[in-house]
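A.B. asks: Quick one: structure below, then a few questions.
Each reported figure results from applying straightforward, stated rules to the coordinates on display, with no laboratory input. If you're wondering where the values come from, they're calculated on a predicted model, not measured in any experiment. Don't worry about glycine lacking a Cβ; one is built from the backbone with ideal geometry, like all the others, and counts go over all protein chains shown.
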Amino acid sequence: MSLRNLWWFYRERLRARRVQELFALVGIAVGVALLFAVQTANQSLSASASQLTEGLTGSAQLQLKARDPRGFPGTLLREVEAIDGVDAAAPVLEFPANAVNGQREQSVTVLAADPRLARMGGRLVRDYTDDRFSDLEAVVLPSGVAQSLDVGFGGWVTLQAAGRAERVPVATVAGQELLGAVAESPLLITSLPYAQKITGLRGRVTRIYVTADPSRISEVTGALEKIAGDQIDVRGADFDAAVFANLAMPNDNSTSLFAGISALVGFLFAFNAMLVMARERRRTIAEMRLAGYRSRTVVQVMLFDAVVLGTAASVLGVVLGAALSRFAFQPDPGYLAIAFPVGAGRVIEPLTVALAFGCGLLAAVAAAMVPLIGAYRSVGPMDAIRDDALDRGGRNAQRSFWAPAAGAAVCLAATTAVLVLAPEAALAGMATLIAAMLLILRPALGIVVASLNQIRSRVRSVVPTIAVGELMSASTRSLAIVAIAAIAVFGTTAIEGARGDLQRGLDPNARELADTTDLWVSARGASNLLATTPFDAEGVARRVESAPGVSSVSLYRGSFLDTGDRRMLVIAPPRDSRTPIPPTQLLHGDLAQATARVRAGGWAVASEAIVREQGWKLGEPFRLESPHPLTLRLAGISTNFGWSPGALVINADDYRAGWGSDAVSAVQVALAPSAAAAVAQRAVVMALGDSAPFQVQTAAQREQSFRTTTRAGLARLQQIAALLIGAAALAVAAATAAMIWQRRRQLADHKLSNGISAKSLWKALLLECTVLLGVGATVGAAFGLYGQQLLDRALGTVTGFPVEHTIGIPAALASLVLVTVITLLIAAVPGWLAARVPAAAAFDQ
Amino acid sequence: MLEVRDLVKHYPTPGGETVRALDGVSLNVAAGEFVALYGPSGSGKTTLLTIVAAALVPDAGDVRVDSRSVIGLPEREVSLYRQRELGLMLPTHNVIAGLTAIDNASLKLLAGSVSKRAEARRRVEPLLRRLGLAARAQHRATDLSLGERQRLMLAAALSTDPPLLVADEPTGSLDTARSRDVLAFLRERSHERGTAVLVATHDPQATAFADTVYTLRDGLVGAFDRERDADLTTTLHRS
């Protein structure tokens, strides 16, 4: 059949089933939108980090990178430039800061450079090649930061950094046209001399980027290593992208896992939305066979149908998904922002569009093939004139109870094997679990309907007889609705349950990290949550100690240290800290002994992943590549304290030796027994001065900050669960509405032949929907609880975070009730309209 | 029992013309009378039956059942009319796929005066037996042949023992012998139980069983003439 005829044929048939086709279109579009939104949100952070690194480094291939956050002498630049094979070298100073404008504040990373970096061609600074940029005593704000601070060209912001505060003018605001996705990153760009001046780090830099003759890279690397000695690292220019990938890996892995589940769910939504239309397609096939069309033509027509519907639905789905990712599903850097200036810029990759589009199309085509295969197997041409024969495939299959039950048992066994033996293969486990769930639906529905059939004779109404009669046919469309409800509740139960378990696992860690003292004094800024910004303690400690209610102060140190590709968190509490090692986080080693050893000095506790990667052993010495390398011994092995690349605990004095600096990152304050925390907190704030660049937090407030940040990091999972339930309600409602709409002639016949009222027919439709949705949602909830266990194990394995294992029955019940009730409320409207069909429609042929 | 008076129903067409489906139709069906109505396709038979079933409002005229007009009845009364007074048999063979034949036949009773399933079954069993469906009573309705299904529809229509039976092509899917059985059953039903029966049909055998035969052409009713109206009947040859 020619394409033109196919199109004409499609258009003519579409006129007769516009509403049903619309419902299928909505179902597929919802699935595609879900997949697209999750994938976009997931990839945006990585893409944003890559753009940031590329935007900074330009043509540079190598870098000298400081281990100490306070950098190294900039005089090394001359030595670097003098190396044979070095074409250009550019110094950079970067440091965390807090930008304030009135009541608004924003944590930023200050990137300070000079025209030499601009000449390397990086997008971020390429407009500043003029030598006069070095004289700039102002800052450039990306549009995201400017908007957050409500400041623009000609305005002023206060920059709080390294324990100092400085008012700086805004030179310009750079938007997406200049910075791309980086425009949303929490950055601040300024000239190197100005940054050195306002931070007090005169003459110091944190990196030197190097462009070298490509044929002499190894020679140049060797020469750089000689200059670096054992206090500075020599790395590739794109090293930070690798570190970010490592840092984001657990987040990426867990979100990818959940995105994979969403993709599976989205695909199944789309697939089932098409199955709801299986009856219409069977009729078309039977009619065409009756009219003598060849099999090849029938296949062409069916495929054309599917491709047109799949294409239209996928386009709509991508548009919906783009809107979702823009307005409801924004990328959230969460904990990643603590160590990287990544923002919430949205990056749409062509691959994401292709994947979402392809999935929608595939679902439509695959689902179109089901009635085709079923029709050729079990529906004869004469069935074109017998409505109910079009459901025959479903009815025959219903007789087979044991085959699907046995298949489900096999799939469940495979899932259990994944759970026990290879939890990292959770996505495969999820696929087998969903397969088991789908296989069990028909037997489950059969059992429920058989039970209802037993009790319907006791009910004095025609309503249950009609509803049970329809349910007993267990048609493809009914099973498609059960399946959509099951998948929806399964997805939300598993994802929301696992997210809750991860959160519950992280909460004790937050408490123990914060509760080592009564008050914390640290540099302001959300990115300093983990107390990693150094400042000069001398004056601060003295002023704090003089505040009423303060019993004693001690000095806490900490920062990030790059080990391999890991940005490790170094926690260095004072020797007299109440619990230098958070008790519930120690996995291997004796807590009392490890605590005593860390206090004594020369010992460390490290996260399991680092220990495994570095090959360290309990009780044995190892070398820590700090600015002044230390030899320590391993006192215990811990979790990663919620910091995915891992952490290391040493005492503050060992830290001072390793970093060669008296700088601290927090002052811990012990209060007198009679002092109230809130009162003492106010006294400390007053002692420091209202405008001081420090934040003073009680242990409880600090714990809350930890919790808030970890929740932000897990927000994506919560968003996925919420989106899933919203998409589910829409998909189920569309499928249910399509099923109801297909019944109108039959309803008219009931009215006319049996005198059944519209109200009774409406009740029968609602009862039927309730049973279908109830069975689907209940099975989905039960399998969702198993899915939660699988995800818990997988998250514990891939993220290294502490995960508490629970069975989320309340969450499962909530999503069960939510999906069922929302869908019933939505379906009640088309149900009512369909029940009001004119009785005369029964005469329509 | 059934009085159709000066019934008019016109349908406008997109081309601006008017189709005169019924153009002043009048006929009576008395209690215990079997009336057959012949007419070519598009002659207005279905429109007439739809109006009698109170599913369509005519442009003019009236339909009275047991001296009461069924035109413009409120919805609840329409339901009661269809449940208690009217037995309607359509050619669409609509059944609930999951129910057995006997449950499908009981549906009308359950929708009306009978609340217990067992009682409803007890009342339709003799009808099924009489129509040759006793052995198929416990089968799924969708497992029945088209002919069996047609008889099932007749059993369902008569399950409430209505005083008026209206049937659209009641023998359309039956072989000659079975058609004869069904027509004989309709005649017996009308004569023995006093049911007024109005049948729209193409089956030439109906003339032998009906008490009165009409034709419907161009929206008008006339008396049936075997020679003149031969084109209206179709001989069914089914095995």
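A.B. asks: Just want to confirm a number: the relative contact order over chain A, from Cα pairs under 8 angstrom separated by 6+ residues, in percent.
C.D. replies: Dividing the mean separation by the residue count of chain A yields 18 percent.
A.B. asks: OK, next. Can you tell me, using C-alpha contacts under 8 Å and at least 6 residues apart, the relative contact order of region A:90-175 as a whole percent?
C.D. replies: About 30 percent, as a whole number.
A.B. asks: Hey, got the average number of other protein chain Cβ atoms within 10 angstrom for residues in B:85-96?
C.D. replies: Mean shielding by partner chains, rounded to a whole number: 6.
A.B. asks: OK, next. So how do A:Phe622, B:Phe185 line up by other beta-carbon neighbours within 10 Å, fewest first?
C.D. replies: In increasing order of surrounding Cβ atoms, one gets A:Phe622, B:Phe185.
A.B. asks: Compute the distance in nm between two label points, each set 7 Å from the Cα along the Cα-to-Cβ direction, one at B:Asp161 and one at A:Arg542.
C.D. replies: Reported label-point gap for B:Asp161 and A:Arg542 is 11.2 nm.
A.B. asks: Across the protein assembly as shown, how many lysine pairs separated by 8 or more positions, or lying on different chains, have Cα atoms within less than 13 Å?
C.D. replies: Going through the protein assembly as shown pair by pair, I get 4.
A.B. asks: Over the protein assembly as shown, what is the percentage of antiparallel beta bridges among all DSSP beta bridges, to the nearest 5?
C.D. replies: Here the share of antiparallel DSSP bridges comes out near 70 percent.
A.B. asks: Just to be sure I understand the model, the point goes 7 Å from the Cα along the line to the Cβ. What's the resulting A:Gln718 to A:Arg612 distance in nm?
C.D. replies: According to this spin-label approximation, the distance is 2.9 nm.
A.B. asks: What FRET efficiency would be calculated for the residue pair B:Thr13, A:Leu833, taking the C-beta separation as r and a Förster radius of 22 Å, to the nearest 0.05?
C.D. replies: Calculated transfer efficiency: 0.20.
A.B. asks: While we're on this one: Using just the alpha carbons, could you tell me how many Å³ per residue the convex hull of region A:59-236 encloses?
C.D. replies: Convex hull volume per residue, Cα atoms: 105 Å³.
A.B. asks: Label 7 Å along Cα→Cβ of A:Ser461; region A:770-789 residues with amide nitrogen under 16 Å?
C.D. replies: Correct set: A:770-772.
A.B. asks: Can you compute 3J(HN,Hα) from phi for each residue in region A:130-142, using the Karplus curve 6.51 cos²θ - 1.76 cosθ + 1.60 with θ = phi - 60°, rounded to whole Hz and x for Gly and Pro?
C.D. replies: For region A:130-142, the Karplus-derived couplings read 5, 4, 5, 4, 5, 8, 5, 10, 7, 10, 9, 10, x Hz, x marking Gly and Pro.
A.B. asks: Follow-up. Rounded to two decimal places and with Rh computed the Kirkwood way over Cα pairs, what is Rg over Rh for the protein assembly as shown?
C.D. replies: Taking Rh as the inverse mean 1/r over Cα pairs, Rg/Rh reads 1.15.
A.B. asks: Once every DSSP H run of n ≥ 4 in chain A is given -39500 (n - 2.57) and the sum is divided by its residues, what mean residue ellipticity at 222 nm do you get, rounded to the nearest 500 deg cm²/dmol?
C.D. replies: Calculated from helices alone, the mean residue ellipticity at 222 nm is -19500 deg cm²/dmol.
A.B. asks: Residue by residue, what Karplus-based ³J(HN,Hα) values in Hz, rounded to whole numbers, does region B:190-204 have, using 6.51, -1.76 and 1.60 with θ = phi - 60° and x for Gly and Pro?
C.D. replies: 5, 7, 7, 10, x, 6, 7, 10, 10, 10, 9, 7, 10, 6, x
A.B. asks: Please compute the net charge surrounding B:Val199, taking Lys and Arg as +1 and Asp and Glu as -1 over other residues with Cβ under 9 Å from its Cβ.
C.D. replies: -3
A.B. asks: Can you pull the mean other chain C-beta count within 10 Å for peptide A:452-465?
C.D. replies: Average per residue, whole number: 4.
A.B. asks: Sticking with this one: Starting from region B:20-96, pick out the trypsin sites (Lys or Arg not before Pro) whose DSSP state is loop and whose Cβ has at most 16 other Cβ atoms within 10 Å.
C.D. replies: none
A.B. asks: About the Cα centre of region A:609-660, how large is the charge dipole given +1 on each Lys and Arg Cβ and -1 on each Asp and Glu Cβ? Please answer in debye to the nearest 20.
C.D. replies: Value, rounded to 20: 80 debye.
A.B. asks: Given +1 on the Cβ of Lys and Arg, -1 on the Cβ of Asp and Glu, and no further charges, what dipole in debye does region A:59-236 carry about its Cα centre, rounded to the nearest 20?
C.D. replies: Taking the Cα centre of region A:59-236 as origin, the dipole is about 360 debye.
A.B. asks: Which value in nm describes the separation of the simple spin-label points at A:Ser552 and A:Ile227, placed 7 Å from the Cα toward the beta carbon?
C.D. replies: It works out to 4.6 nm between the two label points.
A.B. asks: Considering every Cα-Cα pair within region A:525-692, what fraction, in whole percent, is farther apart than 22 Å?
C.D. replies: That tail contains 45 percent of the Cα-Cα pairs.
A.B. asks: While we're looking at this one, here's another question. Would you mind estimating how fast chain B diffuses translationally, via Stokes-Einstein at 25 °C and 0.890 mPa s with the Kirkwood radius over Cα pairs, in µm²/s?
C.D. replies: Once the numbers are plugged in, D ends up at 134 µm²/s.
A.B. asks: Projected onto the charge dipole of the protein assembly as shown (+1 at Lys/Arg Cβ, -1 at Asp/Glu Cβ, origin at the Cα centre), which of A:Asn509, A:Val173, B:Pro14 gives the Cα projection farthest towards the positive end?
C.D. replies: Towards the positive end, the residue furthest out is B:Pro14.
A.B. asks: While we're looking at this one, here's another question. Along the positive direction of the dipole of region A:130-218 (beta-carbon charges: Lys, Arg +1; Asp, Glu -1; about the Cα centre), which of A:Val157, A:Pro193, A:Gly203 reaches farthest?
C.D. replies: Towards the positive end, the residue furthest out is A:Gly203.
A.B. asks: Next up: To the nearest Å, what is the center-to-center distance of region A:770-825 and region A:296-328, using C-alpha atoms only?
C.D. replies: 29 Å
A.B. asks: Please find the FRET efficiency linking A:Ala841 to B:Ala60, where r is the Cβ-Cβ separation and R0 is fixed at 30 Å, and quote it to the nearest 0.05.
C.D. replies: So the FRET efficiency works out to roughly 0.80.
A.B. asks: Which trypsin sites (Lys or Arg not before Pro) in region A:510-618 sit in a loop by DSSP (not H, G, I, E or B) and have at most 12 other Cβ atoms within 10 Å of their own Cβ?
C.D. replies: Sites meeting the loop and neighbour criteria: A:Lys617.
A.B. asks: Could you order peptides A:96-102, B:117-123 by the average number of other Cβ atoms within 10 Å of their residues, highest first?
C.D. replies: A:96-102, B:117-123
A.B. asks: Now, a different point. Just need the relative contact order of chain B here, percent rounded to a whole number, with Cα pairs under 8 Å and 6+ apart.
C.D. replies: Once normalised by length, the contact order is 29 percent.
A.B. asks: Restricting to DSSP H runs of at least four residues, report the calculated mean residue ellipticity at 222 nm for chain B, -39500 (n - 2.57) per run over all residues, nearest 500 deg cm²/dmol.
C.D. replies: One gets -9500 deg cm²/dmol as the mean residue ellipticity at 222 nm.
A.B. asks: Which angle between 0 and 90 degrees, to the nearest 10, do you get for helix A:217-228 versus the longest principal axis of chain A when only C-alpha atoms count?
C.D. replies: Tilt relative to chain A: about 50 degrees.
A.B. asks: Enumerate by residue number the trypsin sites (Lys or Arg not before Pro) in region A:430-504 meeting two conditions: DSSP loop (anything except H, G, I, E, B), and at most 12 other Cβ atoms within 10 Å of the site's Cβ.
C.D. replies: Here the trypsin sites (Lys or Arg not before Pro) that fit, given the DSSP loop and packing criteria, are A:Arg458, A:Arg460.
A.B. asks: Continuing with this model, one more query. Which length gain, in nm to one decimal place, applies between A:Thr75 and A:Phe401 when the Cα-Cα distance is subtracted from 0.36 nm times their residue separation?
C.D. replies: 109.3 nm
A.B. asks: Under the definition of partner shielding as Cβ atoms of other protein chains within 10 Å of a residue Cβ, what is the mean value for peptide B:45-55?
C.D. replies: 3
A.B. asks: Mind checking which of A:Ala494, A:Ala840, B:Thr50 is farthest towards the positive end of the protein assembly as shown's charge dipole, using Cβ charges of +1 (Lys, Arg) and -1 (Asp, Glu) about the Cα centre?
C.D. replies: B:Thr50
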